[in-house]
Amino acid sequence: MGDRVKLETRLQSIPLHADRGISLARGEGRYLWDDRGRRYLDLMTNYGVNLLGHAHPQVTAAIDRQAALLTNAHQSFDTPARQAFLEVLAGFLPPSLSRISFANSGAEAVEAAMKYTRVATGRTGIIATHRAYHGRTFGALSATSDAKYRDPFMPMLGGAQHVPFDNLPAMAEVMNDSIAAVIIEPIQGEGGIRVPADGYLKGLRELCTAHGALLICDEIQTGFRTGAPLAFTREGIVPDILCLSKSIANGLPIGVTIVTEAISERVPKGSHGGTFSGNPLVCAAGAATLEVLADERLHSRAAEKGQRFKERVGKLGLSQIREVRGRGLLLAVELKKPATPVIKTMQERGVLVLPAGGTVIRFLPSILIEDAQLDEGVDVLAAALRQGPNPP
Ligand SMILES: *Cc1c(COP(=O)(O)O)cnc(C)c1O
């Protein structure tokens, strides 16, 4: 993409990622600018990280303030910043989820969750689902399903298996009293924005309870984006373990694993941790982010905007679109043809979106997106589809 001349440094990245062909220099609100001053409408927000948009004034001020005070402190010390973060996060949680540990990423938050299930249950079995994405450290990768991520690094952690998503009988068939936990995304993100039928999470909750297995909700992508702060609340269930990461500090690296008192009691002192985890800088950004997200109007707004997007895409009446789906501002348009060329054309037309599997275009806009900006995204999608080669 693009015709940028790459700066030739001696040290180059291992070619792990598809190159988007632009160098991002600055962000403000719903827009990003590349190093040549070209502006892009950001409908991907770094895979859902910048939920409040870029350089949100409250978050930026909190980072500035904290950077001048104290940037790191090991968790053997309390900090006012971590305390402030815990206070505001607690406001979103059901009472039974009362213990937390910190990490620096989503995968690390899942990693901790998987370790805790072992000590809490004395079991090792993990059931995840087809198309699940839980990160790419070895433990988390064992729960991730895509062969592209797994096959080069075999063998995976023992005891992890995958069953079809949104299929309770398939889950019931492999559930038994050796299973430590079921790990689930309430709506699958990387796997293509798959929304399960109503009752699926409730069914999983009942199945886990019946067999003494723990239910892990991985809300790393769904968190604060689906029209409610936490997606599992829609079915009135409570998981035993909740993982959050991407959006909760609006751009600074943080992951959290939140568990019940009963699980916490089984985790041996000193058995897990990390040098940077829960540092005051990310906690200050996190507290500022969550304070903004505590405004309930933002969540009803996310639900409305998502509905508007789906309706407008539906009205395009383009035969190349198979389906538009999602909830709140976790959205996808599935095509009848490969998504990558369309995503590339959209970028050339100044709109950044993401794939989620071969034929799915994913939209993860900021919760502060305006109607006109969302409509621009739909218009540019339509133009890109009309411009490209059409399937027979
Ligand atoms: C992104 C993601 C992860 C992994 O987070 P990283 O910070 O990339 O390690 C885990 N689970 C879900 C649902 C995700 O979307």
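The values are calculated or read from the model by the stated rules, or taken from the named source; none is laboratory data. The shown structure was predicted, so the numbers you read here are calculated from the model rather than taken from an experiment. Cβ placement follows ideal geometry from the backbone for every residue including glycine, while neighbour counts extend to all protein chains displayed. Calculation scope for accessible area: heavy atoms of the full protein, side chains included, ligands and nucleic acids excluded. Shrake-Rupley method; radii C 1.70, N 1.55, O 1.52, S 1.80 Å.
Computed quantities for the displayed model
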read-out	value
Size of the chain as Cα extents on the principal axes (Å, biggest first)	57, 54, 48
Label-point separation, D177 to A25 (7 Å along Cα→Cβ), nm	6.6 nm
Formal net charge of residues neighbouring A262 (Cβ-Cβ distance under 10 Å; K, R +1; D, E -1)	-1
Carbon plus sulfur fraction of accessible area for the chain, probe 1.4 Å, in percent	53 percent
Accessible solvent surface per residue of the chain, calculated while the other protein chains remain in place, 1.4 angstrom probe, Å²	45 Å²
Filter on K148/K269; K148/K315; K246/K269 - keep pairs with C-alpha separation over 32 Å	K148/K269; K148/K315
For the range 5-77, diffusion coefficient by Stokes-Einstein and Kirkwood Rh (Cα), 10 °C, 1.306 mPa s, µm²/s	104 µm²/s
Residue-span extension gain [S264 to E323] - 0.36 nm each, minus C-alpha spacing	17.0 nm
Peptides ranked, highest mean first, by Cβ atoms within 10 Å: ranges 170-179, 11-20	170-179, 11-20
Relative contact order computed over the range 57-293 (Cα-Cα under 8 Å; 6+ residues apart), in percent	32 percent
L69-I14 pseudo-label distance in nm [points 7 Å out on the Cα-to-Cβ vector]	3.8 nm
Peptides ranked, highest mean first, by Cβ atoms within 10 Å: ranges 104-113, 268-277, 343-352	104-113, 343-352, 268-277
For the range 296-308, Karplus couplings with θ = phi - 60° (6.51, -1.76, 1.60), whole Hz, Gly/Pro x	4, 4, 5, 7, 5, 4, 4, 5, 5, 5, x, 4, 4
Residue-by-residue Karplus 3J(HN,Hα) for the range 227-233, coefficients 6.51, -1.76, 1.60, Hz, glycine and proline x	x, 9, x, 10, 5, 5, 5
Cα-projected label distance for T124 with R36, points at 7 Å along beta-carbon direction, nm	5.4 nm
³J(HN,Hα), Karplus 6.51/-1.76/1.60, whole Hz, each residue of the range 91-106, x for Gly, Pro	x, 9, 9, x, x, 5, 8, 10, 10, 9, 10, 9, 9, 10, 6, x
For I100, residues with placed amide H under 5 Å, excluding near neighbours	V259
Theoretical gain in end-to-end length, R297 to E311 [0.36 nm per residue, Cα-Cα removed]	2.9 nm
